[in-house]
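So the structure is just underneath, and the comments pick up after that.
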Amino acid sequence: MVDPANTPLGRMLLEEITPVVMVLRTPLVEEACLKNGLTLVQMLKPFCVFNNIDVPVRTASDQPYRLQKFGLRLFYELDIRQPNLEVAKERLKQVINQAADKDLSELCSDLPQIDNALSISESEVLPSWFQFFNKELVHSVSFSDHEAFDHPVACLVVVSSKDDQPINRFVDLFNTKKLPSLLTNGAMDPKILKHYLLVHDKQDGPLEKATKILTEMRSTFGSDCQLLCINSSQDGVVEHQDYPWVLYKFEDLPSQPLRCFLNVEDFNEIKDLMQDLSTKHIIPYMEQKIRLLNQQVAATRKGFRNQIKNLWWRKGKDDVVDSPSGPTYTFNSIESQIRVLGDYAFMLRDYELALSNYRLISTDYKLDKAWKRYAGVQEMMGLAYFMSDQSRKDAEYCMENAFTTYLKVAPSSQQNATRCGLWWVEMLKARHQYKEAATVYFRVCTEEPLYSAVMLEQASYCYLLSRPPMLHKYGFHLVLSGDRYKKSDQVKHAIRTYRGAMSVYTGTTWSHIKDHVHFHIGQWYALLGLYDLAANHVMEVLACGHQSKKTQELFLRDFLQIVQKTGKTFEVSELQLPEINISSLRVIFEDHRTYASSAAASVKERIWVSLEEEMIPNLSTARTNWLELQSKLIPKKYKESNVCVAGEAVRVDIELKNPLQIPLPLSSVSLLCELSAVSDEMKSDASSSLVEIQDGESTSLIHRDVNFESSLFSLSDVDFSLAGGEKIVVQLTVTPRVEGILQIVGVKWKLSGSVVGFHKFDTNPMKKISRNRIQKAKHPHCDNLKFVVVKSVPKLEGVIHPLPKRAYTGDLRHLVLELKNKSEFAVKNLKMKISHPRFLNLGKRESLNLEFPACLEKKSSDQSAEHANLNDVSHALFLFPEDTIIHGETPLLWPLWFRAAVPGNISLYITIYYEMSDISSTMRFRTLRMHYNLQVLPSLDVSFLISPCPSRLQEFLVRMDVVNKTSSESFQIHQLSSVGNQWEISLLQPLIRGKSSTSEDEKSSHPRLQGTHLRLGTQGNNGPCFDIASSPLADFHLSERLYQEVLNKGDTNPVDFILISRPLKNDINPEVSEPPRLFSHHACHCSTATTSPISWLVDGPRTLYHNFSASFCEINLSMTICNTSHHVDYKSIPVESVSPFIWSGSSSTRVHLDPMSRTEIPLQVCVFSPGTYDLSSYVLHWNLLLSNDQENRDRSSSGTCQGYPYYLTVLQSD
Amino acid sequence: MIVCVAVVGHQNNPLYIQSFTDADDSLKLRHIVHCSLDVVDERVNNPKKSGPTLNETFLGLLYPTENYKVYGYLTNTKVKFILVTTDLDVKDADVRNFFRRFHAAYVDAISNPFHEPGKKITSKTFAERVSTIVKSFGMSSTR
């Protein structure tokens, strides 16, 4: 524990609670002093503090002690009164204003860091003006009549030697009515120690006159007279090295070097004078007074008897006036005397004595309900406890008591309460109880916002200094303080406190608080006219999605206003409005791969690669080819870069999100790019290159506007408005115009037409990973946003029209592929590949202008030459004729056939490969990739059921089930065709059910798509049959065959059907003239086979007459067995006979049947009576003879067949 | 009446803060909650003071301001619950009871597999449950 006297509070008390000396002087004295620029009091003041006075003092006790430090306070008689409140307020305000101006430079610096604040010491944390402010605040309640330590102890009467009749002047000075009210109204003893001083200005004349007056004075007033010579410097101005007044910061001291006529002799003389005054006059006087008063007090109040008496006497004063100030006590009342005794003892450092007297008086005041005096005494008790380093608890208790009592008494004592609080705070601080100190500061706060602001700020520093630091409260109190500063128009202070608070809140997630602080700092900076700083702070709160809509609007509006006031284009890196979703960044560029649409560009690269596999000559060799070429053009280090073609746009897709609920108008959204052009001469080394950088600097922006045409690249601008919470993917393009290296740096936009924001695409490795994740799949070589721009090469553009977005299954259409080449160089060697040949097929060039569907109709003259070549459909690579060259204005048109094969969502991928006719170009070939999505809806569901016809061998019954699965469409069935010459289809009856009887012909080695057609549908609507053997239908049929072959495999004799239907004319909308449409449904590989590999037929008479009376009837039948499988079969036919007829002849027969052969077996049955017989009671057993390697897992190797019913009627003949 | 409840994560980051006043003083309440964290830290870091109640989650009255009383509660995962009330005579038992129910609601809310630990609690169910608890607190204290 440090000595209490060395604590800040101790020093303050030693300075503040010292004897007051009232100074009375004549105007001439003042005049003499003012020659030095100082008043008399100012001149004497530096010599009133004695650090080593070493005076023996003896107060009430007999033991003397030595006083080391001592001081005097000098005041003119006019200043010894309670300061005017208004004046004091004005003074305090001035102090604060001055402090604010001093700190202005700091306000513009960076935000303070909380770590710094924690590491520096107390004196650095606290602004120095706090101490000064607190002192001023304490002074504002001096010279109160309830406290004796401000009452003058002595009076210094000063007269100049130039005055007329100096003796009379001395008397006059003291007798004037100007004496302070304290002396006149009886609050203090008017008989105080007087000391007479004659001031002689040496410039006015020799000393003799003065000494004469002095002797005269001595004879009149006694020994308390002295002579002071000043201005003894003869040769004018003297510059003093250690100028004693510099240490004293008089607020009204002129700052210029003073014209000083005082020399060292004068200094010493003044010093001696003051020391003499205190040691020889004031201190002995006080000692004497203390002893005197002590005796009186002891006589009247000490001792048991006196106490009883006092108590009784006070009890009797029931009619005491309960006024706030309590009863008035004159100087000769015992209460006042005790107080004076205590205060004198305090001033002479006899804290024990002071304390005992304070204790004594405090009970009296309490009983008298003189609350203000009581509080004052309590306050002094607390200080005495502190100074004597006694019980801390008591000291704090007394201070608290005093504080609350002051507050309780009246608003008039508010100032006293403040002073008491400040002392209390200092006391706590001295003991490092910062937390408690802070609460006291908090309690000191009054309604006056300015004082509260200062107090709260001091409280906040206490929280910072407490161990461990309480940062949350530090921030909170700073914010409170800032608010109050703002209320009292101290904007600079408000900013300072808020900045301090910001150091607490940065890095936390308390976004509402952070927004509040940032926003207000910004606003206040704007008030000061520091718009740049203001904008920086308000910018922090822009992305406030968590705030209410109203607040968001307010923030944005204020931001824009501030930006407007800055008067220039405000450019902000990483502006938070709108949010840039960097992971959504996608770069789409075209090297040898070009895309017909953006949809095609977004398809995964591997789909294209697998599609193009056979088409591109050899990827690796091709690549090295043009890389070799590249290496001539570009430095090696760019080899890894992507390649793009001059004149072709590189597109960047990026997602922008509006985090707010209010719409954001964005304009001029564009990319930031750099392009270093490689001039032709520099191709070999590329060491010097012309670089054009378009970044966010305003100069280059202007540059861009002026010579936009001659610019090395052009950018696309997008203007749009983002609604609240909306996300938009913007497509930005950059089109390089010359060869070189293109680097996409970032994206730039303009918010609300005034603020330019830009965001640089970070190319650090971490970001790269996230981007690669998306891009790697698409472009394996895309590592960065750097492109090598190569010379312009031809590029094909392709479109298919009119490809429908949705179609019904089976829909057959005629489309046109249009290919355009805008450059003057021709392209050749076109190849095309389609991912789904079932859906899309290339037609013949001749069929381009044919009318659909008339072109499909069967011509009467059947030309076999037109039949499609069946071999080249299996893979969908289509080679355009050699002479197909596209160049210039004329587009290439090519017919395409489309058929919606199966229902579902289908993605069609088409790539077209082409080569440059210009050999010198950097790229030898390019591919055009097209992608279409279409939805195919189910329409007719066709299924066939084929069963062997029991009555005839090698004829089958075909049942076709057609289900319309659409909800609104109607279809008219037009035609059913069976494909191939092997089958023939015919109607069973003119009914809906169709019967096809087919006869097997000899196999044709070369299958052709010929067949029989069956016209179905109503009679009235008969059109011509469609030729299923001609190009589109045949091609699609083959595709279907290929596809469906996979599904049902291994049938021996399959049959294919094609059902052609047309949509029924729309009754609801007859006006809409739709082009005639066709639907074709292909059912392939319909199985004709049954479970057994054999078929048989029993042939014989059905009805016959026989005379049973003569003999039994013998009937000859024959059975034809046919082996329908391809395998070598062995069959045994056991025939069992059951009554009432018997099988005669051999009861069991074994036959060996070669594949695809038939045999006939004679059968005989005997019947004994007339009737109808079912001859089905026979069984066929068959066994497959599996040849060497033919494993047939689908079918069992043996089986049994029950006989067919065969009804035989035998009648009795006459 | 309870004017504000808050859940504060172990890094003193706000997870949930809800005020129940009509007036526009949410900022003030946020400040109060933020500022009371100091006292929570102090109580947590001074085990001497809470010697007998070592495993006690209820931290008691943190911070009496002029108009409010602030109570605190600390879970085992160092998540703090802060309650700001305008009732100047509140029974400790009531507050304890409140915090117990609040804790249960919180545990249920963060048990949601879709809740990211350390992120703000956005569950509507939690908010509804909290407001019922808050309302019932008012009921019991007036009785």
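The values are calculated or read from the model by the stated rules, or taken from the named source; none is laboratory data. Just so you know, these numbers come straight off a predicted model, no measurement behind them. All Cβ positions, glycine included, derive from the backbone under ideal geometry; neighbour counts span all protein chains shown.
Numbers for the structure displayed
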{"read-out": "Qualifying residue in segment A:582-600 (condition: free of Cβ contacts under 8 Å to residues at least 12 places away in the same chain, outside any helix (DSSP H, G or I) and assigned by TED's automatic domain parsing to the domain that holds A:SER754)", "value": "no"}
{"read-out": "Segment A:160-199, residues that are aliphatic (A, V, I, L, M) and touching a residue at least 24 places away in the same chain (Cβ under 8 Å)", "value": "A:ILE167, A:LEU173, A:LEU179, A:LEU182, A:LEU183, A:ALA187, A:MET188, A:ILE192, A:LEU193, A:LEU197, A:LEU198, A:VAL199"}
{"read-out": "Residue tally, condition more than 19 Å from A:LEU407 (Cα to Cα) and not in a loop (DSSP other than H, G, I, E, B), over segment A:364-388", "value": "5"}
{"read-out": "Residue match in segment A:543-561 (condition: part of a loop (DSSP other than H, G, I, E, B), away from chain B (no Cβ under 12 Å) and crowded, with 18+ Cβ neighbours inside 10 Å)", "value": "yes"}
{"read-out": "Check on A:GLY342, within 24 Å of A:VAL57 (Cβ to Cβ), in a helix (DSSP H, G or I) and touching a Cys at 6+ places or on another chain (Cβ under 6 Å)", "value": "no"}
{"read-out": "Long-range neighbours under 6 Å by Cβ, at least six apart or interchain, first residue within 13 Å of B:HIS31 (Cβ to Cβ) within segment A:476-493, second of a type in the set (Phe, Trp, Tyr) and surrounded by 21 or more Cβ atoms within 10 Å (Cβ to Cβ)", "value": "A:GLY482/A:TYR498"}
{"read-out": "Filter result for A:SER583 (within 27 Å of the chain's Cα centre (by Cα), within 14 Å of another protein chain (Cβ to nearest Cβ) and loosely packed, with under 15 Cβ neighbours inside 10 Å)", "value": "no"}
{"read-out": "Segment B:17-26 - residue that is surrounded by fewer than 20 Cβ atoms within 10 Å (Cβ to Cβ) and either within 24 Å of B:LYS78 (Cα to Cα) or among the β-branched types (Val, Ile, Thr) (or both) and, of those, nearest to the other protein chains (Cβ to nearest Cβ)", "value": "B:GLN18"}
{"read-out": "Within segment A:427-510, helices (runs of 4 or more DSSP H) holding 1 or more residues that are away from chain B (no Cβ under 14 Å) and within 29 Å of A:ARG11 (Cα to Cα)", "value": "A:434-444, A:449-465, A:491-505"}
{"read-out": "A:ALA402 within 17 Å of A:VAL141 (Cα to Cα), small (Gly, Ala, Ser) and in a helix (DSSP H, G or I)", "value": "yes"}
{"read-out": "Test: residue in segment A:440-447 that is out of contact with any helix residue (DSSP H, G or I) (no Cβ under 7 Å at 6 or more places or on another chain), surrounded by fewer than 18 Cβ atoms within 10 Å (Cβ to Cβ), at pLDDT below 80 and among the polar types (S, T, N, Q)", "value": "no"}
{"read-out": "Check on A:ARG496, closer than 29 Å to A:VAL541 by Cα and out of contact with any helix residue (DSSP H, G or I) (no Cβ under 6 Å at 6 or more places or on another chain)", "value": "yes"}
{"read-out": "Hits in segment B:27-38 - residues which are more than 7 Å from chain A (Cβ to nearest Cβ) and touching a strand residue (DSSP E or B) at 6+ places or on another chain (Cβ under 8 Å)", "value": "B:LEU29, B:ILE32, B:VAL33, B:SER36"}
{"read-out": "Candidates A:VAL1128, A:VAL1135, A:VAL1179, filtered to the one that is β-branched (Val, Ile, Thr), at pLDDT below 75, out of contact with any Asp or Glu (no Cβ under 6 Å at 6 or more places or on another chain) and within 30 Å of A:PRO1054 (Cβ to Cβ)", "value": "A:VAL1128"}
{"read-out": "Yes/no for A:ARG586 being among the basic types (Lys, Arg) and modelled with pLDDT of 75 or more", "value": "yes"}
{"read-out": "Residue check, A:PHE570 within 14 Å of chain B (Cβ to nearest Cβ) and either among the hydrophobic types (A, V, I, L, M, F, W, C) or within 30 Å of A:GLU448 (Cβ to Cβ) (or both)", "value": "no"}
{"read-out": "Lone qualifier among A:GLY482, A:GLY500, A:GLY545, A:GLY475 - being among the small types (Gly, Ala, Ser) and touching a Cys at 6+ places or on another chain (Cβ under 8 Å)", "value": "A:GLY475"}
{"read-out": "Of all residues making up segment B:87-113, the number that are within 21 Å of B:MET1 (Cβ to Cβ), of a type in the set (Val, Ile, Thr) and not in a loop (DSSP other than H, G, I, E, B)", "value": "1"}
{"read-out": "Every pair of residues 6+ apart whose Cβ atoms lie under 7 Å, when the first sits in segment A:454-467 and is touching a residue at least 40 places away in the same chain (Cβ under 8 Å) while the second is among the aromatic types (Phe, Trp, Tyr)", "value": "A:VAL454/A:PHE133; A:GLN458/A:PHE130; A:GLN458/A:TYR441; A:SER460/A:TYR474; A:LEU464/A:TYR474; A:LEU465/A:TYR434"}
{"read-out": "Among residues of segment A:158-215, those that are over 30 Å from A:ARG339 (Cβ atoms), part of a loop (DSSP other than H, G, I, E, B) and among the hydroxyl-bearing types (Ser, Thr, Tyr), counted", "value": "1"}
